[in-house]
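J.: This structure is in structure tokens; I'll ask about it shortly.
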Amino acid sequence: MAKLLYVTATPKTDSKISKGMQLGEAFLDAFKQEQPDVEITHMHLYDMDIPIIDMDMLYARAKLSFMGKKMEDLSEGERKQITEMHALADRFIDNDYYVFVSPIWNLGSPAILKAFMDNLFIAGKTFDPDPGNRHGLLTGRKAIHLQTRGGIYSEGPLKDFNFGDQYLTTALRFLGMEVLPTVYAEGVDHFPKEVPAIMAAAKERAAEAAREMARGNMATE
């Protein structure tokens, strides 16, 4: 059975007020039409206690990665942080498809999304750290980013400043995934009268991307 991880990084959970969640629902509905038996897990990041890279995490990773230490050599706080990081990464890895929903905030994504992604970069688990052959280990998986944008970032003066989408798609590719083109709804703040049309078009693009993803890599038991 195929597994899809649905990651939402917006404080708004109600699709009646969240345009990003509306895109997510359009995507999932279309995906389920193609793969009715898909198992969907929803990670709403604002409801999660996500490990962050604090002092314990920083030193624990250094000790394990290049200082030759083992888990039993770590302090209690360091072991706790590393254990939580690996547990979250394991939950992430155990999927075939990945759908991320986030808005663009101040040229980037909500900070909670970066904190989440920081837990997925684990040498030997999600990427090969060999300097001469560094590559992602999460191959055979597909991912997509659904993004809402208050302004226009697909063209014009802000085209090169959408660092939230650039970071996420680059990070997922680094980990070895095939990343489909981002689906976005943009101008939703700048052109309030056009929002219904903007959202209708974006939902259709999301649905089409879902059908492409579901048909292109049918997982089997």
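J.: Condition (residue is charged (D, E, K, R), more than 30 Å from residue 158 (Cβ to Cβ) and outside any strand (DSSP E or B)) applied to segment 102-123: is it met by at least one residue?
T.: no
Per-residue answers, yes or no, for (1) open to solvent by less than 80 Å² (accessible area, probe 1.4 Å); (2) free of Cβ contacts under 8 Å to residues at least 24 places away in the same chain; (3) under 18 Å from the mean Cα position of the chain (by Cα):
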residue	(1), (2), (3)
3	yes, no, yes
9	yes, no, yes
15	yes, yes, no
20	yes, no, yes
24	yes, no, yes
27	yes, no, yes
30	yes, no, no
37	no, no, no
44	yes, no, yes
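J.: Looking only at segment 128-136, decide whether some residue is over 28 Å from residue 32 (Cβ atoms), assigned to a strand (DSSP E or B) and either polar (S, T, N, Q) or touching a Lys or Arg at 6+ places or on another chain (Cβ under 7 Å) (or both).
T.: Yes, segment 128-136 contains a residue that is over 28 Å from residue 32 (Cβ atoms), assigned to a strand (DSSP E or B) and either polar (S, T, N, Q) or touching a Lys or Arg at 6+ places or on another chain (Cβ under 7 Å) (or both).
J.: Here's a check for you: in segment 65-90, which residue that is among the aliphatic types (A, V, I, L, M) and open to solvent by 60 Å² or more (accessible area, probe 1.4 Å) is nearest to residue 7 (Cα to Cα)?
T.: If we take residues in segment 65-90 being among the aliphatic types (A, V, I, L, M) and open to solvent by 60 Å² or more (accessible area, probe 1.4 Å), then 71 is nearest to residue 7 (Cα to Cα).
Here's the yes/no breakdown for (1) open to solvent by less than 30 Å² (accessible area, probe 1.4 Å); (2) at pLDDT 95 or above:
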site: 152; (1), (2): no, yes
site: 159; (1), (2): no, no
site: 165; (1), (2): yes, yes
site: 169; (1), (2): yes, yes
site: 186; (1), (2): yes, yes
site: 194; (1), (2): no, yes
site: 205; (1), (2): no, yes
site: 208; (1), (2): no, yes
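J.: Within segment 91-101, track down each residue that is part of a loop (DSSP other than H, G, I, E, B) and either open to solvent by less than 30 Å² (accessible area, probe 1.4 Å) or β-branched (Val, Ile, Thr) (or both).
T.: 95
J.: Oh, and also: Got a sec? Which of 152, 144 is β-branched (Val, Ile, Thr) and either out of contact with any Leu (no Cβ under 6 Å at 6 or more places or on another chain) or in a loop (DSSP other than H, G, I, E, B) (or both)?
T.: Testing whether each residue is β-branched (Val, Ile, Thr) and either out of contact with any Leu (no Cβ under 6 Å at 6 or more places or on another chain) or in a loop (DSSP other than H, G, I, E, B) (or both) leaves just 152.
J.: Can you tell me which condition residue 81 does not meet? The list is (1) within 17 Å of residue 113 (Cβ to Cβ); (2) free of Cβ contacts under 8 Å to residues at least 40 places away in the same chain; (3) of a type outside the set (Gly, Ala, Ser), and all the others hold.
T.: (1)
J.: Something else about it: Filter segment 60-90 down to the residues that are in a loop (DSSP other than H, G, I, E, B) and out of contact with any Leu (no Cβ under 8 Å at 6 or more places or on another chain) and list them by number.
T.: Within segment 60-90, 67, 68, 69, 75 meet the criteria.
J.: Does residue 159 fit the bill of being under 26 Å from residue 4 (Cβ atoms) and of a type in the set (D, E, K, R)?
T.: In short, no.
J.: Could we say that residue 57 is surrounded by 15 or more Cβ atoms within 10 Å (Cβ to Cβ) and in a helix (DSSP H, G or I) here?
T.: yes
The values are calculated or read from the model by the stated rules, or taken from the named source; none is laboratory data. No experiment lies behind these values; they were computed from the predicted model shown. Reconstructed Cβ throughout: ideal geometry from the backbone, glycine too, with neighbour counts over all protein chains shown. What goes into the accessible areas is simple: the full protein's heavy atoms, side chains included, and nothing from ligands, DNA or RNA. Shrake-Rupley method; radii C 1.70, N 1.55, O 1.52, S 1.80 Å.
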